[in-house]
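Any read-out appearing in this document is the output of simple, stated calculations on the displayed coordinates, not a laboratory observation. Keep in mind that this is a model prediction, so the values were computed, not measured. Here the Cβ positions follow ideal geometry from the backbone for every residue, glycine too, while neighbour counts run over all protein chains shown.
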Amino acid sequence: MIPFLTNLVNGISLGSVYAIIALGYSMVYGVAKMLNFAHGDVIMVAAYVSFTATQYWGVPPLVSVLMSMVVCTLLGITIEGLAYKPLRQAGSLAVLITAIGVSYLLQNLALLIWGANPKVFTSVVDFGGIRLFGGELVISDEIIVTIISGIAVMLLLTWFTGKTKMGRAMRAVSEDKGAAQLMGINVNFTISLTFAIGSFLAAIAGVLLCSSYNTLMPTTGSMPGIKAFTAAVFGGIGSIPGAMLGGLLLGLIEVFGGSYVSTELADALVFAVLIIILLLKPAGLLGKNVQEKV
Amino acid sequence: MKLNSDVKMVPVPSHSIIPERDSGKPVVLEANHLGIQFGGLKAVDDFNLTIGRTEIAGLIGPNGAGKTTVFNLLTKVYQPTTGTVLLDGKDTAGMSVVDANRMGIARTFQNIRLFDKMTVEDNIRIGLHNQVRYGMLPGILRLPSYWQGEKKQHQRAMELLHIFNMEDLADVRAGSLPYGAQRRLEILRALATNPKLLLLDEPAAGMNPTETEELMRTIARIRDEFQIAILLIEHDMSLVMGVCEGICVLNFGRVIAKGTAEQIQNDPVVIEAYLGKQQEEA
């Protein structure tokens with residue numbers, strides 16, 4: 001029972017991180033209709049900013065988290081403005097390749113600044129965690145904070161997109177850019193805002209992820225980035241509840257697969273499930289099947 | 001303008017058909033020598049139109065005459081290759097679609113383009129986006145101005161829905177509305193942007209005669225209530241002739257006639273454009 005609960009908690013925690021990253025992927029895809037493959041690397045930048053602030057400048061951990069949020073939000077807006085905005089009218093392939101280029105640029109800049117050696121990332125939270133069932137089930141403080149952050153992000157984002165002016169504008173742009181524009185919605189601003197929010201979320205995810213796993217390298221963001229992209233597709237890309245569900249399921253499958261099947265096969269299992277889901281539901285779990293009009 | 005000057009029944013230029021009540025007031029729209037070229041094709045050429053403050057004007061013509069292109073030029077979806085569009089006396093050259101909307105031009109679409117996944121009320125709230133303002137930060141922090149803004153938007157949306165008695169549909173997904181209701185919602189969404197000039201692209205398409213008649217009355221009512229000008233593209237002649245004060249006929253991208261319903265109906269050039277030239281009897 002206890003190993004099962006431990007796995008469950010770990011899975012939800014990892015899934016929350018995936019969900020937070022996947023939300024960024026999915027929102028950007030929904031609004032700008034592009035796959036921002038540099039999204040994973042923003043996670044890495046977030047972790048490095050927090051690391052540098054705490055280790056070199058002696059900034060308190062929580063303040064360093066705020067710093068990485070600000071830096072990443074600005075980074076997201078900058079990337080969008082410099083790399084993607086000039087390609088607004090270009091084909092999707094050009095944008096995709098640019099995104100991969102931005103991804104490599106960020107990784108190599110990190111390599112240049114912080115070097116190739118893995119850094120030891122000290123957790124930004126430290127209150128000892130909790131013990132349940134007479135100390136048999138240990139839930140670490142990182143896991144608690146991760147799950148709480150995940151829930152908070154999901155609630156806030158659902159509310160933001162559903163109940164605020166800018167959220168509605170984002171949904172309108174994601175459905176029909178042209179019509180939104182004709183109704184007076186500033187599409188460029190809306191897209192920048194989406195990138196800002198996505199990168200802000202990536203910053204949260206980056207700090208949480210590195211707090212749990214403690215190592216930090218220039219390539220730290222790529223694997224979680226790809227997993228989160230998978231999660232977004234899994235849940236139905238463009239859909240916010242889909243990204244949440246996809247992220248959580250992915251985390252659970254990875255943890256349970258790793259512990260009950262084989263650690264080596266955990267990743268393979270994740271992608272196998274993705275393939276099966278996509279065969280059965282091509283638009284993802286919560287994606288809408290768009291029928292081609294004849 | 002040298003169009004059809006020999007056909008005396010067509011008043012040229014068009015401001016002569018501006019309704020009495022609008023004469024003396026500045027016009028809402030003035031298109032001068034408007035033209036656009038796609039490659040070698042002149043989709044619209046030397047298009048001139050003046051619309052009075054509260055005029056209901058019609059833009060008709062056979063399929064492919066360039067009517068929707070004119071709408072796209074007026075709303076700045078296309079930038080004209082020649083000519084100017086003055087909206088409320090201001091030149092719109094170089095303006096974006098959003099600028100033109102903020103200056104008071106709004107439209108509906110030939111093939112409905114609602115935000116299908118959003119609710120009826122949210123569709124209208126998109127139209128209200130620039131009308132009810134509150135900042136990002138009050139929005140995120142839920143400051144009083146957020147609640148006030150949201151409340152104002154809700155009230156305004158309900159007022160607009162009341163025009164078509166659609167209040168009880170506020171929470172329905174727009175995509176699941178019946179066809180006629182979608183057309184009506186599109187008009188409301190455009191009205192929500194607080195336009196001075198409302199462009200309706202085939203508002204009666206797919207409606208039955210009863211619905212069309214009702215729509216006709218509503219168009220007149222909207223004009224009276226909001227004191228705005230309306231320019232509509234329509235193939236249903238009963239609607240055009242019934243509600244439009246000035247009518248402009250387009251064929252092959254050029255204006256071939258302008259006038260009142262009666263004048264247009266008797267214009268040989270218009271009849272020829274629609275039905276072909278009458279064979280001379282031997």
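Hey, can you rank B:62-74, A:105-117 by average C-beta count inside 10 Å, highest first?
Going from most to least packed, we get B:62-74, A:105-117.
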Could you tell me the distance between the Cα centroids of the range A:100-175 and the range B:32-63, to the nearest Å?
-> 54 Å
With runs of 4+ DSSP H residues as the only contributors, calculate the mean residue ellipticity of chain A at 222 nm using -39,500 (n - 2.57) per run, divided by the residue total and rounded to the nearest 500.
-> -23500 deg cm²/dmol
Straight-distance crosslink candidates among aspartates and glutamates, where the alpha carbon sits under 20 Å from A:Lys33 and sequence neighbours closer than 8 are dropped = A:Asp41, A:Glu80, A:Glu175, A:Asp176, A:Glu292, B:Asp116
Bins of 5 Å, starting at 0 and running to the largest distance - Cα pair percent for the range B:123-194 = 3, 17, 26, 21, 15, 10, 6, 1
Ranking A:Thr219, A:Pro241, A:Ala94 by how far each Cα lies towards the positive end of the charge dipole of chain A (+1 on Lys and Arg Cβ, -1 on Asp and Glu Cβ), the top one is A:Ala94
Determine the gain in length on full extension of the stretch A:Phe271-A:Ala94; use 0.36 nm per residue of separation and subtract their C-alpha separation, reporting nm with one decimal.
-> 61.1 nm
Inter-probe distance in nm under a simple model that places probes 7 Å from Cα toward Cβ, at B:Gln79 and B:Arg221 = 4.2 nm
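Which links in B:Lys196/B:Lys258; A:Lys163/B:Lys117; A:Lys85/A:Lys177; B:Lys117/B:Lys152 stretch past 18 Å when you go from one Cα to the other?
Too far apart for the 18 Å limit: B:Lys196/B:Lys258; B:Lys117/B:Lys152.
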Across peptide B:187-197, what mean number of C-beta atoms from other chains lies inside 10 Å of a residue's C-beta?
-> 1
Per its Cα gyration tensor (rounded if a/c is under 1.5, else prolate when a/b beats b/c, else oblate), the range A:1-110 is best filed as oblate
Cα-based radius of gyration of the range A:15-220 once divided by 2.2 N^0.38 Å, which approximates compact folds = 1.09
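If I stretch the segment between A:Leu279 and A:Thr215 completely, what's the gain in nm (0.36 nm per residue apart, minus their alpha carbon distance), one decimal?
Result: 19.5 nm gained on full extension.
Dividing the Cα convex hull volume of chain B by residue count, how many Å³ per residue is that?
154 Å³
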So for R0 = 56 Å, FRET eff. of A:Ile144-B:Val269 from the Cβ-Cβ r, to 0.05, ends up at 0.10
So, in nm, how far is label A:Leu87 from label A:Glu264 when the simple model puts each one 7 Å beyond its Cα toward the Cβ?
-> 3.8 nm
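Output the direction-averaged projected area (hull surface divided by four) of the convex hull of the alpha-carbon atoms of the protein assembly as shown, in nm². Before the final figure, lay out the partial values.
Working: hull surface 132.8 nm².
So the mean shadow area of the Cα hull is 33.2 nm².
Taking every DSSP beta bridge that has both residues in the protein assembly as shown, what percent is antiparallel when rounded to the nearest 5?
So the antiparallel bridges amount to about 60 percent of the total.
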What is the dipole size for the range B:110-194, taken about its Cα centre, with +1 at each Lys and Arg Cβ and -1 at each Asp and Glu Cβ, in debye to the nearest 20?
-> 260 debye
So for A:Arg131, B:Arg125, fewest C-beta neighbours within 10 Å to most, what's the order?
-> A:Arg131, B:Arg125
For peptides A:17-23, A:72-78, B:223-229, B:31-37, sequence by mean Cβ density within 10 Å, most packed first | A:17-23, A:72-78, B:31-37, B:223-229
Computed FRET value (nearest 0.05) for A:Asn188 with B:His154, which takes r as the C-beta separation and R₀ as 30 Å | 0.60
With runs of 4+ DSSP H residues as the only contributors, calculate the mean residue ellipticity of chain B at 222 nm using -39,500 (n - 2.57) per run, divided by the residue total and rounded to the nearest 500.
-> -10500 deg cm²/dmol
